[in-house]
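Notes follow the structure.
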Amino acid sequence: MWSSALRIFDLSLGQMLWSRRSVFLGLVAGGPVVLAVTLRLAEISGVLFTGNRPGPSGGIIYGMIIWLIYVRFLVPVLGVFYGTSLIADEIEDRTLTYLFTRPIQRAAVIVGKYLAYLVCTVLLLLPSVVIVFFLVVPLGEGGSIARLFPTLLTDLGMLVLGLAAYGALFAFVGARLKRPLLVGLLFALGWEPIALLAPGYLKRLTVAYYLQALVMHDMPQEGLRGALLQAFREVPPLSTSLIGLAVIVGVGLWLAGRTVERREYVLEQ
């Protein structure tokens, strides 16, 4: 099983890294870097922070970027676009037959592709976070790279867990449904924001509910923006979040492997 999965991983990683999807999503992941460069240039030119109107510190700005761009948008989007394509791309390209006729377990195909997805998305996302950190944190008064560096390491680990959870969930969606990308986008950008705002237990049916407990940044308390952000801030205990994410990864991969093993994929002529 694992030797076969590693062979699929080696085959799939190069295809993912040099695909048009990776080029497009790499540009999307570079958006926060452009924002960070703009903020840094604005501070140097004296536009961002003035003596009469001191702005928030770089640490607060960095925390907002992590919350609003990485956790709420980039991690789910990467999970959707890559996770749903693990099997769907092979069906669309009519290459699934070549994999399924090899003397390996079908589940090894999904496991190997999932590992390649993790490596690919980590290489796309984490360098962007590191660059944003070193550009934004020194902004304003009291910005300290050394003091917040442990937070950066925590953020990197949290984002990897988020990519793992979303990838496993959408790997199952891609293996089970005929048009998984649309369903994945509706879940990540439609269902999750609504469920997080809804009272009761609906929020527990989202990945974001468990992931946000691992975010170490405080959100602003004042103003409409702060009120909206605080509405998403209800988090479970840390142990519950880690267990929840682990269950999502394990169950998602198990269901994806089981689906691939049992389903008959008909390639369109």
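Once phi is turned into ³J(HN,Hα) by the Karplus curve 6.51 cos²θ - 1.76 cosθ + 1.60 with θ = phi - 60°, what whole-Hz value does each residue of region 202-207 show in order, with x for glycine and proline?
4, 4, 6, 9, 10, 6
For a quick size check, give me the Cα extents of region 2-262 along its three principal axes, largest first, whole Å.
On the principal axes, region 2-262 reaches 70, 42, 29 Å in Cα extent.
Between helix 106-136 and the chain, what is the angle of the helix's C-alpha long axis to the longest principal axis, kept within 0 to 90° and rounded to the nearest 10?
That helix lies at roughly 10 degrees to the long axis.
Compute the long axis of helix 20-29 from its Cα atoms, compare it with the longest principal axis of the Cα atoms of the chain, and write down the angle in degrees, 0 to 90, nearest 10.
So the inclination is approximately 20 degrees.
Using only DSSP helix segments of four residues or longer, with each worth -39500 (n - 2.57), what per-residue ellipticity at 222 nm results for the chain after dividing by its residue count and rounding to 500?
It lands at -22000 deg cm²/dmol.
At 7 Å along the Cα-to-beta-carbon direction for both ARG20 and ILE243, put a label point, then send me their distance in nm to one decimal.
Between ARG20 and ILE243, the simple spin-label model gives 4.6 nm.
Compute the accessible area per residue over the chain, keeping the other protein chains in place, probe 1.4 Å, unit Å².
52
May I ask you to derive the relative contact order of region 2-262, considering only C-alpha pairs under 8 Å and at least 6 residues apart, and to give it as an integer percent?
Relative CO of region 2-262 lands at 28 percent.
Please get the size of the charge dipole for the chain, origin at its Cα centre, with Cβ charges of +1 on Lys and Arg and -1 on Asp and Glu, quoted in debye to the nearest 20.
Using only the charged Cβ atoms, the result is roughly 460 debye.
Determine the share of region 2-262's accessible area contributed by carbon and sulfur atoms, expressed in whole percent, with a 1.4 angstrom probe.
67
Which FRET efficiency value, to the nearest 0.05, do you get for LEU68 and GLU92 by plugging their Cβ-Cβ distance into 1/(1 + (r/R0)^6) with R0 = 22 Å? Working shown, then result.
Values: r = 33 Å, r/R0 = 1.49.
Efficiency at R0 = 22 Å is approximately 0.10.
The values are calculated or read from the model by the stated rules, or taken from the named source; none is laboratory data. It should be emphasised that the depicted structure is a prediction, and the values quoted were computed from it without experimental measurement. Here the Cβ is made from the backbone with ideal geometry for all residues, glycine too, and neighbour counts use every protein chain on show. SASA here: full protein model, heavy atoms, side chains in, ligands and nucleic acids out. Shrake-Rupley method; radii C 1.70, N 1.55, O 1.52, S 1.80 Å.
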